[in-house]
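Notes for the one structure printed next.
The values are calculated or read from the model by the stated rules, or taken from the named source; none is laboratory data. These numbers come from a predicted model, not from an experiment. Every residue, glycine among them, receives a Cβ derived from its backbone with ideal geometry; neighbour counts consider all protein chains shown.
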Ligand SMILES: Cc1cc2nc3c(=O)[nH]c(=O)nc-3n(C[C@H](O)[C@H](O)[C@H](O)COP(=O)(O)OP(=O)(O)OC[C@H]3O[C@@H](n4cnc5c(N)ncnc54)[C@H](O)[C@@H]3O)c2cc1C
């Protein structure tokens, strides 16, 4: 069967961080679910695998295919908005920043999100992208329905109440790693647009650690960054506000979020790469230089900010009660090693959810994310921190670097076996398979 998908570039593909490349046999850009179905059929006829890529913001090779790469740029429409029901249906390749702006124009908003908005909606949800929240989980927990093309070419729609005759599909496919089908559209639960008051305040490590429970219980969205080799932390407390909006001035936004967080930070990362010995002094100075600030703005403008300094990242979800001990162990590890790390460590929380492969599946979770400047070696740092995380049953973010294999993951995800069994049922030939899925799912 021939499709009418647009063909785009046929060259190699590379992720945002530049640490993952792929050379697909062909790249096509379908514009409808029917065209996706036709591409799956023609890949099967040619004995090729198929995957759709998002915006390439995963650090793992989760999106890679040597077969047919479905490119998402023609599958981006907002199909329907139902403010009364609080539901919006959007095609898989729609970038989050487009969705956020379109929702705001209609007086609506996603309830919670991560810290950037360039990912596609399908790419973000398939790996379990999350922000921080006392009561609100990750992006996939806000999904009310999915439209998927299965390996046999069927286009199915599934919700909690109607799983297209495939029990478990809804909880499996919302964080599906692209392993169960090509998502063509997603229905999100949305809420009336709201303002958040952002309160950002520098604090010492010992104060943050002693008030962790208080901060995460008293704030709707609490997170903090620790500057390695220093006592300094930056805390962020975001809570709903009745207004009025008090956005950062254009100058302050440019100074803090563009110039200091991107331009100056990029320069200090380069300096630190040339002379690692200066990194502790830079981090201490950065922690001291950060001023407190408070502003009130539309939710997505508070949740997200531009990230232009390229880095590599590992992130683990640990059981929430283990957070303070795990952070203490990470700090002790720094004392024993001669690492020089310029990137702050980010700490967030989310409540438990019921998605089978969500990092918060069945347990309240805390997230510890570590980064290095993209050209810097990461192996020893990431391995050292990973050993601490796995010691408490930590679950790696599916889109961020880790070394876990199926044997380990089966032990930390109670519904792992159910996911694998459903995949065996609906994709026995591994039409959507790749090397990364062989690593993490065992086949
Ligand atoms: C600067 C930066 C900041 C980040 N911040 C956060 C954060 O705050 N919180 C967080 O949790 N993560 C964060 N991430 C990680 C990122 O959100 C995830 O890796 C996400 O999956 C990337 O989405 P994407 O659109 O780039 O998808 P890709 O990385 O291109 O793909 C991700 C997966 O989705 C699959 N996929 C894409 N489209 C489809 C489809 N239509 N059907 C089926 N499968 C599909 C791909 O095959 C692949 O398996 C960040 C990453 C970067 C680089």
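Since residue 177 meets every condition but one in (1) surrounded by fewer than 16 Cβ atoms within 10 Å (Cβ to Cβ); (2) within 23 Å of the chain's Cα centre (by Cα), which condition does it not meet?
Evaluating residue 177 over (1) surrounded by fewer than 16 Cβ atoms within 10 Å (Cβ to Cβ); (2) within 23 Å of the chain's Cα centre (by Cα) leaves (1) as the failure.
Within the range 117-137, can you find the residues that are over 15 Å from residue 177 (Cα atoms) and either touching a strand residue (DSSP E or B) at 6+ places or on another chain (Cβ under 8 Å) or near the ligand (Cβ under 9 Å from one of its atoms) (or both)? Step through it out loud before you land on a result.
Keep residues of the range 117-137 that are over 15 Å from residue 177 (Cα atoms), which gives 117-118, 131-137.
Hits for the range 117-137 are 117, 118, 131, 132, 133, 134, 136, 137.
Does residue 308 satisfy the condition of being away from the ligand (no atom under 14 Å from the Cβ) and loosely packed, with under 15 Cβ neighbours inside 10 Å?
no
Quick test of your reading of the structure: residue 287 fulfils all but one of (1) away from the ligand (no atom under 15 Å from the Cβ); (2) within 29 Å of residue 113 (Cβ to Cβ); (3) surrounded by fewer than 21 Cβ atoms within 10 Å (Cβ to Cβ); (4) within 26 Å of the chain's Cα centre (by Cα). Name the failing condition by number.
(3)
Could you pull out every one of the helices (runs of 4 or more DSSP H) wholly within the range 202-319 that has 1 or more residues that are in contact with a helix residue (DSSP H, G or I) (Cβ under 9 Å, 6 or more places away or on another chain)? Let's see the steps before the verdict.
Values: elements: 205-210, 212-218, 250-253, 265-274, 279-289, 299-303.
Answer list for the range 202-319: 205-210, 212-218, 265-274, 279-289, 299-303.
Determine whether residue 424 is surrounded by fewer than 19 Cβ atoms within 10 Å (Cβ to Cβ), more than 15 Å from the ligand (Cβ to nearest atom), modelled with pLDDT of 95 or more and farther than 20 Å from residue 40 by Cα.
Criteria not met by residue 424.
Filter the range 86-99 down to residues that are more than 13 Å from the ligand (Cβ to nearest atom) and in a strand (DSSP E or B) and give me whichever is farthest from residue 29 (Cα to Cα). First the steps, then the outcome.
Let us first name the residues in the range 86-99 that are more than 13 Å from the ligand (Cβ to nearest atom), namely 86-89.
From what is left, the residues that are in a strand (DSSP E or B) are 87-89.
Details: 87: 27, 88: 23, 89: 20 Å.
Per the stated criteria, the residue is 87.
Count, please, the residues in the range 332-347 that happen to be within 16 Å of the ligand (Cβ to nearest atom) and farther than 15 Å from residue 313 by Cα.
Final tally of qualifying residues: 0.
Being without any contact (Cβ under 8 Å) to a residue 40 or more places away in the chain, touching a strand residue (DSSP E or B) at 6+ places or on another chain (Cβ under 9 Å) and more than 29 Å from residue 223 (Cβ to Cβ) is the requirement here; does residue 173 meet it?
No.
Look at the range 100-116 and say how many of its residues are crowded, with 22+ Cβ neighbours inside 10 Å and within 12 Å of the ligand (Cβ to nearest atom).
So the answer is 2.
Take the residues in the range 138-184 that are within 19 Å of residue 418 (Cβ to Cβ) and in a strand (DSSP E or B), then tell me which one is farthest from the ligand (Cβ to nearest atom).
Once the filter is applied, the top-ranked residue is 159.
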